[in-house]
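What follows draws every value from the coordinates through simple rules; no lab data is involved. Nothing here was measured: the structure is a model prediction, and the numbers come from that model. Cβ atoms come from the backbone with ideal geometry, glycine included; neighbour counts cover every protein chain shown.
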Amino acid sequence: MSVQIQSYCLSSFPSDFTTENYCVVLLNGSGVFSIDQINYSYEGCTVLFLTPYQKLKLISETDDYIFILFFHGDDYCIEYHKEEVACNGLLFNNIYLNPGIKLSLDHYQYILGIFDHIKKELSEKHLFSGSIIKTYIQLILAICSKEKSGIIEDQISGKRLPNKNAVEFQKLLELYFREEKELSFYSGKLHITSNALSKSVKKEFGKPPSQLINERSILEAKKLLHLTYRSIKEIALELGFDDEFYFSRYFKNSVGSSPKKYREKVGISIVAKMSM
């Protein structure tokens, strides 16, 4: 297994953190974290969820410790757990939601305790340690899924109505992101100006629509590179890029790695291998 747990003092945390693994990150204190150049403030106990090659930066107001659980998708058979990890999943791979969850102190300490149990299993390397570690990872994700679902339900019950144009943009993007990369297409569909759409989407999701269009294409590209044996040319065509070399530059500019290198580092999932 490629599971690891590492701790860092925030003052010595890498300025540009990225990894080919999935990560569960535990923070305590206050400050700002940036994921793929979008800033989010945090205060108290917080957990973040990162997918391979997402970029994390931390600006902390307190010099607390950060704890990170690293694991490969196949260590948990992660692609089978669609509610947590699929495109637009609850914890991972959702470009529309804040990637962090505020935790109660009890939940923070409980998850930190699970980290300790995982470290113990890693050190013992018992015959059943792999199965036990997978169970611990599942428990962490289940706790956090429940916590995040509760937050979303509280927001809904708070009767803050989402912006209609932003919601319709999200629906359109899920339908057309493969073919349509221009903001004007989506604003035209909604019969509003591109400027009005940008304001609505930025207010609702904290990102401009142009960034969401880019992130949705890149998210699908990562999925296809990891979950299929399709060639880079085939993936480029499926995502609306006639030129695979342009697609490779587009991908590298967003991810920091070429599609070929991404596939080499992240690997092809056992899901793809089983479907052959």
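A few notes on this one:
- For region 171-180, Karplus couplings with θ = phi - 60° (6.51, -1.76, 1.60), whole Hz, Gly/Pro x: 5, 5, 4, 5, 7, 10, 4, 5, 9, 10
- The Cα trace of region 4-157 gives Rg and Dmax of 14.9, 47 Å, the first to one decimal, the second as a whole number.
- For the chain, a simple Cβ point-charge model (Lys and Arg +1, Asp and Glu -1, everything else neutral) yields a dipole of about 480 debye relative to the Cα centre.
- Separation in nanometres of the label points that stand 7 Å from Cα toward Cβ, at residue 196 and residue 184: 1.8
- Local net charge near residue 8, Cβ-Cβ under 12 Å (Lys/Arg +1, Asp/Glu -1): -2
- Between residue 112 and residue 176, full extension at 0.36 nm per residue minus the direct alpha carbon distance yields a gain of 18.9 nm.
- For residue 44, nonlocal amide neighbours, meaning residues 5 or more places apart or on other chains whose placed amide H falls under 5 Å from its own, are 29, 30.
- Cα Rg over Rh - region 108-240, Kirkwood: 1.13
- Electrostatic tally near residue 47: other residues with Cβ closer than 11 Å to its Cβ, Lys and Arg +1, Asp and Glu -1, net +1.
- With K and R counted +1 and D and E -1, the other residues having a Cβ less than 9 Å from that of residue 220 yield a net charge of +3.
- Entry note, region 4-157: relative contact order of 24 percent, from Cα contacts under 8 Å with a spacing of 6+ residues.
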